[in-house]
1. Alpha carbon centre of segment 72-131 versus segment 19-47: separation in Å?
2. Given axes a ≥ b ≥ c from the Cα gyration tensor, I'd like to know whether segment 1-88 is rounded (a/c under 1.5), prolate (a/b larger than b/c) or oblate.
3. For segment 70-147, which GluC sites (Glu not before Pro) are both in a DSSP coil and crowded by at most 16 other Cβ atoms within 10 Å?
4. Tell me the angle of helix 135-153 to the major Cα principal axis of the chain, expressed in degrees between 0 and 90 and rounded to the nearest ten.
5. Just the number, please: carbon plus sulfur as a percent of the accessible area of the chain, 1.4 Å probe, no ligands or DNA/RNA counted.
6. So what does Y267 come to for accessible area, using a 1.4 Å probe and Å² rounded to 10?
7. Picking from L38, I7, L177, whose Cα lies most toward the positive end of the charge dipole for the chain (charges on Cβ: Lys, Arg +1; Asp, Glu -1)?
8. By accessible area of protein heavy atoms, probe 1.4 Å, what ranking do R127, R172 get, highest first?
Amino acid sequence: MFGYIKIAKPELKVREYELYKAVYCSLCRRLGKNYGILSRLTLSYDFTFLALLQMSLSDGCDGFVQKRCTFNPLKKCNYCKNDDICDLPAAAAMIMLYYKIKDNIDDEKGIKRLGYLCLKPIFSGARKKAARLYPEIESIIEEYIAEQSVIESEGCFNIDKAADPSGKMLSRLLQLLSDDTTQKRILERLGYCIGRYIYLLDAACDLEDDNKKLRYNPIVVPFEVDNKQHIKEHIEPQLYFCINEAARAFELLDIKKHKSILGNIIYLGLEETFRQSLQT
């Protein structure tokens, strides 16, 4: 994922922000424990959301302990005592990263492509370990990549069809967070809406660069129309639709903890992120 699922920091209480940071740091720590120190560099807000949502649907964190940060030993961070609750998000992050590197190798040229070729064997072992621990996540992401590749190779410019694999991928991932049938159905809808939001926003952010480099992008802009104008008129309404539908699904979830932080992300963070990203 791409770091688009963020909090609206000014709207959080101090203790809520500290708890969010603790979940972020706990996921970072778990990535390092499970997959090596370099894996910590892949940490994103999207997988922090996944970890927080998982905690919120279960018994959550067994309290926090303060330890020194690996990257900044002069700084102390709060970590969940039972940070193994972050195992699933950490595995998802590793598997997604590996396939993202493979995708970048196909898309890039020159020095950038060489850089990704060097990274691939480094994270290949981490991906294999994550796949052994969570074969269902490997299957979900592998199917998503294959479906997305077919759509791109066909040059599909139907925005709904192009965004569908991302929606289905995240909907299946979120369903892994609960064993309850009703909750799974709600998580399926929540995941689909957020996955579609991520795809549309990423396509809009990359539009200008993709056009310059002649790379695939499902957003087609008429020759006489400005990119920003087209995005504002045709993509923003779809982003709002995704946010509103995600909010409706979120309201049906049986959230046991941290509802205010998750609500901040869904109700405020998603809109703030796309406005900042698109500078609207």
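1. For segment 72-131 versus segment 19-47, the Cα centre distance is 10 Å.
2. rounded
3. Answer in residue order: E108.
4. The angle comes out near 10 degrees.
5. 52
6. Y267 exposes around 100 Å² with every protein chain in place.
7. The Cα lying farthest towards the positive end belongs to L38.
8. Working: R127 45, R172 85 Å².
Final ranking, largest accessible area leading: R172, R127.
The values are calculated or read from the model by the stated rules, or taken from the named source; none is laboratory data. Everything quoted here is computed from the prediction, not taken from an experiment. When we count neighbours, we look across all protein chains shown, and the Cβ atoms used for this are built from the backbone with ideal geometry, even at glycine. Remember, those area values only see protein heavy atoms, side chains included, never the ligands or the DNA or RNA. Shrake-Rupley method; radii C 1.70, N 1.55, O 1.52, S 1.80 Å.
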